[in-house]
1. Of these, 100, 69, 84, which one is touching a strand residue (DSSP E or B) at 6+ places or on another chain (Cβ under 6 Å), under 20 Å from residue 137 (Cα atoms), crowded, with 18+ Cβ neighbours inside 10 Å and at pLDDT 90 or above?
2. Which of the numbered conditions does residue 115 fail, given that it passes all the others? Conditions: (1) in a helix (DSSP H, G or I); (2) within 25 Å of the chain's Cα centre (by Cα).
3. Among the numbered criteria (1) surrounded by 12 or more Cβ atoms within 10 Å (Cβ to Cβ); (2) on the phi > 0 side of the Ramachandran plot, which single criterion is violated by residue 141?
4. Looking at (1) surrounded by 15 or more Cβ atoms within 10 Å (Cβ to Cβ); (2) modelled with pLDDT under 90, which one does residue 165 not meet, given that it meets all the others?
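The values are calculated or read from the model by the stated rules, or taken from the named source; none is laboratory data. Quick caveat: nothing in here was measured; it's all calculated off a predicted structure. Cβ: placed from backbone, ideal geometry, glycine included. Neighbour counts: every protein chain shown.
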């Protein structure tokens, strides 16, 4: 074996080794960049939903809903809770029950169907005019004017504040409880109102 052949082969091996190291560094850099961009895409992604009965787009950024979504759903809940007539009470409350979390549904369905029966029997109509709402990550406060009638006779015309406990899980709004501010539960409050 000639020394020149050996030097050429070792030189070629060193060149090949340097090329492999360069390719390894480039591929490692590309992998790190790809991982970073994937992380950013997952972290900063925006999911845009248009649920039924909503007025526009609903956006979740980093798993949290925008203020517009909470306001839209609050208006829907205020309408379903406070505005009904004997012929629409059961339908409104059934629509409201779709928002309830599974663990809250049994008690809520019992309370809302009981209230629907009392509204049908007593011919009670109610209208809730939402004037203001405040919310945080777990509670929504709905403040407005409540007007109730039985037949054509006015029962009540007062300012009312409802507290709505909720959670958002996997982008879905779950209603946990609806109660009048300062009271134990909504069904008990409405029972007292209709007894007047």
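1. Every option except 100 fails the conditions.
2. Here residue 115 clears every test but (2).
3. Among (1) surrounded by 12 or more Cβ atoms within 10 Å (Cβ to Cβ); (2) on the phi > 0 side of the Ramachandran plot, the lone unmet condition for residue 141 is (2).
4. So residue 165 meets the others, but not (2).
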